[in-house]
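A short write-up of the structure that comes next.
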Amino acid sequence: MSTSTGKRSDADRVLIFDTTLRDGEQSPGISLNKQEKLEIAHQLTRLGVDVIEAGFPIASPGDFESVQAIAREVQGPVICGLARTSHQDVEAAWNAVRDSERPRIHTFISTSDIHIEHQLQTTREDVKGQARAAVAQARGYVEDVEFSPMDATRADVEFTAEVVQIAIDEGASTINVADTVGYVMPDEFQAYLARLYELVPALRNVTLSVHCHDDLGLAVANSFAGVLAGARQVECAINGIGERAGNAALEEIVMLLRTRRAHIGLDTSINTTELARTSRLVSRLTGYVVQPNKAIVGRNAFAHESGIHQDGVLKERTTYEIMDATTVGVSSNSIVLGKHSGRHALRSALEEMGFELDGQALNTAFKRFKAIADRKKQVTAMDLEALVTDELREEIAGFTLDWFEVEASSLRPPHAKVSVNLPDGSTASGSFTGDGPIDAVFQAINAATGVAAKLSDFTIGAVTEGQDALGEVSIVLEVDGSTGAGQGVSTDIIDASARAYVRALSVAVARSAAGGAIGLPETAGG
Ligand code: KIV
Ligand code: ZN
């Protein structure tokens, strides 16, 4: 397939810029703490992404600290911090990433008239000046600077070209063209980028990147069109999370390039066998459930229902499968431990899976492992993964579940009593007689915390197959117009639901207290 040439040295390799922790974290209801962000960043490193956009340091002290912790602790990928073009933003981004062995500052400003007039309330000349100053400032700190013309696909390409030229003149080494509102179509995007190459020949000396949103379901198609036009970096997020309908799904663009490599002639450095695990981790920590039919990482992405298909696959896998499930890591659910396994066995099993737990964290994991092993004959790698991720969720500041009691019968309405640990260290109890046992527990938690939360989404799944499988519950709820998402894992579905509810409540209450969105500035990137 013929592709326009990007930067020559990267001619057959597409860099994967992961923005799960920045654009992804801007999805409604998601709020990850530092520990969770670090866990995701380590997993992204195992996955082999080239760049981790770790956050938006100016947004809040919490964001700054998380980006700084990732920059200090995570080695391998480039660690990038986002900044608007203001002096304080660029400075904060630099201070957050400066301790990384491979720091990058990513600065952006809109080039569309809609944004310039209505949101920025300024002029094109001012936008050029801001872009120049921000890139120059960033280059004063670090060599690796990325510049994005935001909402570029709705902007005048000639004006965008002028701004891009300025950014290149000031030393930006990556130019990222953003389809901020998911409006462009693949052929249109290719033509737009081809025109940009004509208008800015120096674009061939830097890395062209694309950042596409999924409002019309075209994020991956548009990213691919960008690659065909010469882009050698794609910005994407695990499970496609991000503002509104989300970003291009990392796993989809990666598997498209890998599966059709012979035709396209391009590939990434991603270790695809880590895709499924990364997807599960992000889903658990964000509370965003992956739809069953989601390409690559959905539960059914490799399942065959019709007899004809099953028959074909049994005879020859490739009759109905274009990818082997093992290449994306949907595979081994090996039995690792049982109820006689000790702390040492647990620790080495976890280490083998990439989790390093010591001290209190190991004690807690061991206690929960024992409780599960008592009820479940075989504890698999998938169970352990769910359990450890569930423990990470405990670190959300806010409420935690102390205990609950439910009386359920088909003869009278169920009654629940709960005790919840409050943020100030005290406990509060509440009780409720509800429609069903889970509803009664949720209402009792509302009574204990004094928060009138409204449930908006409730999903139950099983971590593995079989009757004794661990149950996994995902909840989205609303407090005063602010959403919070949470997940819980347990052999007891009521316990998993109560844990998920309390976590979602903590996130929603924190968001509501922060005025709807935790610390994001009004003109944050999309
Ligand atoms: O969607 C967007 O335009 C963004 C920019 C910050 C690149 O997220
Ligand atoms: Zn975006």
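The values are calculated or read from the model by the stated rules, or taken from the named source; none is laboratory data. From a predicted model like this one, the values you see are computed outputs, not experimental measurements. Here Cβ is always computed from backbone atoms with ideal geometry, including for glycine, and neighbour counts include all displayed protein chains. Heavy atoms of the whole protein, side chains included, go into the accessibility calculation; ligands, DNA and RNA do not. Shrake-Rupley method; radii C 1.70, N 1.55, O 1.52, S 1.80 Å.
List of remarks:
- Counting the residues of region 388-410 that are more than 19 Å from VAL509 (Cα to Cα) and either of a type in the set (Ser, Thr, Tyr) or modelled with pLDDT of 85 or more (or both) gives 9.
- Check on ARG412, touching a helix residue (DSSP H, G or I) at 6+ places or on another chain (Cβ under 7 Å) and open to solvent by 70 Å² or more (accessible area, probe 1.4 Å): no
- Subset of region 193-226 (residues that are more than 15 Å from ligand 1 (Cβ to nearest atom) and outside any helix (DSSP H, G or I)): VAL200, VAL206, GLY217
- Residues of region 55-73 satisfying the condition of being surrounded by 22 or more Cβ atoms within 10 Å (Cβ to Cβ) and either away from ligand 1 (no atom under 14 Å from the Cβ) or charged (D, E, K, R) (or both): ASP63, SER66, VAL67, GLN68, ILE70, ALA71
- Qualifying residue in region 100-114 (condition: open to solvent by 30 Å² or more (accessible area, probe 1.4 Å), under 30 Å from VAL479 (Cβ atoms) and more than 16 Å from ligand 2 (Cβ to nearest atom)): no
- Assessment of region 189-205 against the conditions (hydrophobic (A, V, I, L, M, F, W, C), touching a residue at least 60 places away in the same chain (Cβ under 8 Å) and surrounded by fewer than 17 Cβ atoms within 10 Å (Cβ to Cβ)) yields at least one matching residue.
- Looking across region 212-226 at every residue that is open to solvent by 10 Å² or more (accessible area, probe 1.4 Å) and not hydrophobic (A, V, I, L, M, F, W, C), the one that is farthest from LEU256 (Cα to Cα) is identified as ASP215.
- From ALA136, ALA83, ALA161, residue being of a type in the set (A, V, I, L, M) and closer than 30 Å to LEU32 by Cβ: ALA83
- Where a residue in region 411-425 is over 23 Å from VAL509 (Cα atoms) and its partner, wherever it lies, is open to solvent by 60 Å² or more (accessible area, probe 1.4 Å), with Cβ under 6 Å and at least six apart: PRO413/THR433; PRO414/ALA408; HIS415/GLU407; HIS415/THR433
- Residues satisfying the stated conditions in region 460-483, i.e. open to solvent by 60 Å² or more (accessible area, probe 1.4 Å), over 18 Å from GLU391 (Cα atoms) and touching a strand residue (DSSP E or B) at 6+ places or on another chain (Cβ under 9 Å): ILE460, GLU478
- Contacts under 6 angstrom Cβ, first residue in region 468-481 being of a type in the set (Gly, Ala, Ser), partner in a strand (DSSP E or B) and open to solvent by less than 30 Å² (accessible area, probe 1.4 Å), 6 or more apart: SER474/GLN487
- Only one of VAL441, VAL406, VAL388, VAL379 that is in contact with a Gly (Cβ under 7 Å, 6 or more places away or on another chain) and within 25 Å of VAL463 (Cα to Cα): VAL379
- Residue match in region 152-169 (condition: in a loop (DSSP other than H, G, I, E, B) and out of contact with any Gly (no Cβ under 7 Å at 6 or more places or on another chain)): yes
- All positions within region 79-99 that are more than 16 Å from ligand 1 (Cβ to nearest atom) and either surrounded by fewer than 24 Cβ atoms within 10 Å (Cβ to Cβ) or basic (Lys, Arg) (or both): HIS87, GLN88, GLU91, TRP94, ASN95, ARG98, ASP99
- Filter result for PRO186 (within 16 Å of ligand 2 (Cβ to nearest atom), closer than 17 Å to SER209 by Cβ and either open to solvent by 10 Å² or more (accessible area, probe 1.4 Å) or not charged (D, E, K, R) (or both)): no
- From the options PHE17, PHE108, residue that is within 22 Å of LEU275 (Cα to Cα) and either outside any helix (DSSP H, G or I) or modelled with pLDDT under 95 (or both): PHE17
- Test: residue in region 248-270 that is free of Cβ contacts under 8 Å to residues at least 40 places away in the same chain and hydroxyl-bearing (Ser, Thr, Tyr): no
- For region 239-255, filtering for residues that are within 13 Å of ligand 1 (Cβ to nearest atom) and either of a type in the set (A, V, I, L, M, F, W, C) or on the phi > 0 side of the Ramachandran plot (or both) leaves 6.
- Residues located in region 61-92, provided they are more than 16 Å from ligand 2 (Cβ to nearest atom) and of a type in the set (A, V, I, L, M, F, W, C): PHE64, VAL67, ALA69, ILE70, ALA71, VAL74, VAL78, ILE79, VAL90, ALA92
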